[in-house]
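Below is one structure, written out as structure tokens, with a few remarks after it.
The values are calculated or read from the model by the stated rules, or taken from the named source; none is laboratory data. Note that the structure is a prediction, hence the values are computed from the model and not measured. No Cβ is skipped: glycine too gets one built from the backbone with ideal geometry, and neighbour counts run over all protein chains shown.
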């Protein structure tokens, strides 16, 4: 089973950049998208009628902001678009899909703000999720907006006090792992230089001055089913790139 995740930074924008050609070439079983930035009436019909897939959208209440989407070959047993946290839910930051053999959460986590103006909200929403997660047959994916370790960004020393790499944020990922989740990519690849997001300034992507902030976390009871994890850094269309896993059920 091939599961992909990508912060596309705008569904309509990526549609014009050949998203569907990439999608069908990948032949995925499940695709999770973040930052779709489109209300239901603005979503191109191509995405609502993807051949061979069930489609789910949680755009949030604010037009042109946030939002997540899910496409899957197998119809889920249940789909939820809230976690019980009002502000988080209104912004369209989650889709949960329960399948026969696992549950999948597609998250677009809070950024925190360049001046840390949303940091309290970010940390509290993380804590709420941590308090309610059950690490059994569960896969978490999406844009987590935190680089966990120094290996996960190109310039850790310069960014140690910046949003996305502060100690309180990084501890939330520590807590997630201590609950019993595995960082899927790091199970297979412990090398530096593997990033999923690059700023649009100073040719950062060409110079590979990036951050790894998009993840797959699998509960430990699914570890034996996890066969591969990868970052598709050469795929263009967004300031993020796709990430993925292969599972053998």
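Of the residues 92, 112, which is surrounded by 21 or more Cβ atoms within 10 Å (Cβ to Cβ), touching a helix residue (DSSP H, G or I) at 6+ places or on another chain (Cβ under 7 Å) and assigned to a loop (DSSP other than H, G, I, E, B)?
Details: 92 fails: touching a helix residue (DSSP H, G or I) at 6+ places or on another chain (Cβ under 7 Å).
Every option except 112 fails the conditions.
Taken over the range 206-237, the criterion of being crowded, with 21+ Cβ neighbours inside 10 Å and in a loop (DSSP other than H, G, I, E, B) is satisfied by 212, 213.
Just to be sure I understand, how many residues within the range 181-196 are crowded, with 18+ Cβ neighbours inside 10 Å and in a helix (DSSP H, G or I)? I'd like the intermediate steps shown before the answer.
Restricting attention to the range 181-196, the residues satisfying the condition of being crowded, with 18+ Cβ neighbours inside 10 Å are 181-186, 194-196.
Narrowing further to those that are in a helix (DSSP H, G or I): 184-186.
So the count comes out to 3.
Scanning the range 175-189 for residues that are within 20 Å of residue 230 (Cβ to Cβ) and touching a helix residue (DSSP H, G or I) at 6+ places or on another chain (Cβ under 6 Å) yields a single hit, 182.
Is the range 2-9 home to any residue that is without any contact (Cβ under 8 Å) to a residue 60 or more places away in the chain and surrounded by 15 or more Cβ atoms within 10 Å (Cβ to Cβ)?
no
A count restricted to the range 238-249 and to residues that are assigned to a loop (DSSP other than H, G, I, E, B), closer than 13 Å to residue 6 by Cβ and touching a helix residue (DSSP H, G or I) at 6+ places or on another chain (Cβ under 9 Å) stands at 2.
Rundown of residues vs (1) out of contact with any strand residue (DSSP E or B) (no Cβ under 8 Å at 6 or more places or on another chain); (2) surrounded by 22 or more Cβ atoms within 10 Å (Cβ to Cβ); (3) at pLDDT below 95; (4) over 23 Å from residue 15 (Cα atoms), yes/no style:
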| position | (1), (2), (3), (4) |
| --- | --- |
| 70 | no, yes, no, no |
| 78 | no, no, no, yes |
| 96 | no, no, no, yes |
| 102 | no, no, no, yes |
| 119 | yes, no, no, yes |
| 126 | yes, yes, no, yes |
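So is residue 122 in contact (Cβ under 8 Å) with a residue 12 or more places away in the chain, over 14 Å from the mean Cα position of the chain (by Cα) and in a loop (DSSP other than H, G, I, E, B) or not? For residue 122, the condition - in contact (Cβ under 8 Å) with a residue 12 or more places away in the chain, over 14 Å from the mean Cα position of the chain (by Cα) and in a loop (DSSP other than H, G, I, E, B) - is not met. Applying the criterion of being free of Cβ contacts under 8 Å to residues at least 60 places away in the same chain and either within 18 Å of the chain's Cα centre (by Cα) or buried (at least 16 other Cβ atoms within 10 Å of the Cβ) (or both) to the residues of the range 14-25, the residue that is nearest to residue 97 (Cα to Cα) is 23. Listed conditions (1) in contact (Cβ under 8 Å) with a residue 40 or more places away in the chain; (2) under 23 Å from residue 179 (Cα atoms); (3) assigned to a loop (DSSP other than H, G, I, E, B) are all met by residue 82, apart from (1). For the range 134-167, a tally of residues being touching a strand residue (DSSP E or B) at 6+ places or on another chain (Cβ under 8 Å), assigned to a loop (DSSP other than H, G, I, E, B) and either closer than 23 Å to residue 35 by Cα or without any contact (Cβ under 8 Å) to a residue 60 or more places away in the chain (or both) returns 6.
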